[in-house]
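The values are calculated or read from the model by the stated rules, or taken from the named source; none is laboratory data. Source: prediction; values computed, not measured. Cβ atoms come from the backbone with ideal geometry, glycine included; neighbour counts cover every protein chain shown.
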Amino acid sequence: MTMRAGLWTGLPDLEGAVNHFQVVACAADVDTLVAALARPECNDGTLDHFARPLDRDGEPDHNVVLAVRGGWGYVNYVDNSFAGWPKGDPDAPFVDERFTDFPPGTGLPLTTFRAVLVQFMETAERPTVVDWYEEGDLFHSWRAQRTAMRRG
């Protein structure tokens, strides 16, 4: 099965930001994607799986946002029945950037992150190789933490 990855560079400068696209159709392509996400100039990425349905406006029925920071891979997965983050390593730090944020404890070791991406590529479904936090489990506490950090 095939996916399209969009990789953002140049943020937060909206004038200079660029979204680069690449096809992801095999495990080697996933490795290339992970390496690209790990480059310092890469802000984050998105995945569109071509085997999933489109909504009535012709848009994908899902939204998958990715990032790599240090040795951690981050995923936010949204479709018509679920929105949330993987239950990652408790030691994984939060990501709080202008256009990218992930709660603490949702980062995955890169080998697990890769397995999540490969399974999504192969099945077009939310991966089961990890357990997931639903957005409601973390959303309010994460937003409160972010607000407190910005005030402090």
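Residues checked against (1) at pLDDT 95 or above; (2) among the β-branched types (V, I, T):
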| position | (1), (2) |
| --- | --- |
| D44 | no, no |
| V116 | yes, yes |
| M121 | yes, no |
| R143 | no, no |
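Quick one: count up the residues across region 6-37 that are among the aliphatic types (A, V, I, L, M) and free of Cβ contacts under 8 Å to residues at least 60 places away in the same chain. Walk me through how you get there before you give the answer.
Restricting attention to region 6-37, the residues satisfying the condition of being among the aliphatic types (A, V, I, L, M) are 7, 11, 14, 17-18, 23-25, 27-28, 30, 33-37.
In the following step, the residues that additionally are free of Cβ contacts under 8 Å to residues at least 60 places away in the same chain were identified as 7, 14, 17-18, 23, 28, 35-37.
Qualifying residue count, region 6-37: 9.
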Run down V34, V23, V18, V65 and say which single residue is over 23 Å from V129 (Cα atoms) and among the β-branched types (V, I, T). V18
Between a first residue in region 46-66 that is in a strand (DSSP E or B) and a second residue that is small (G, A, S) and at pLDDT 90 or above, which pairs have beta carbons less than 9 Å apart while being 6 or more apart in sequence or on different chains? H49/A124; N63/A83; V64/G45; V65/G45; L66/G45; L66/G73
Need the failing condition index for G73 against (1) closer than 17 Å to T46 by Cβ; (2) part of a loop (DSSP other than H, G, I, E, B); (3) not β-branched (V, I, T), just the number. (2)
Residue that is of a type in the set (G, A, S), out of contact with any Cys (no Cβ under 6 Å at 6 or more places or on another chain), over 20 Å from V129 (Cβ atoms) and surrounded by 13 or more Cβ atoms within 10 Å (Cβ to Cβ), where the choices are G73, G45, G6: G6
Failed condition for V68, given (1) at pLDDT 95 or above; (2) touching a His at 6+ places or on another chain (Cβ under 7 Å), with all others met? (2)
Determine whether region 101-120 contains at least one residue that is surrounded by 14 or more Cβ atoms within 10 Å (Cβ to Cβ), within 21 Å of G6 (Cα to Cα), more than 12 Å from the chain's Cα centre (by Cα) and not hydrophobic (A, V, I, L, M, F, W, C). yes
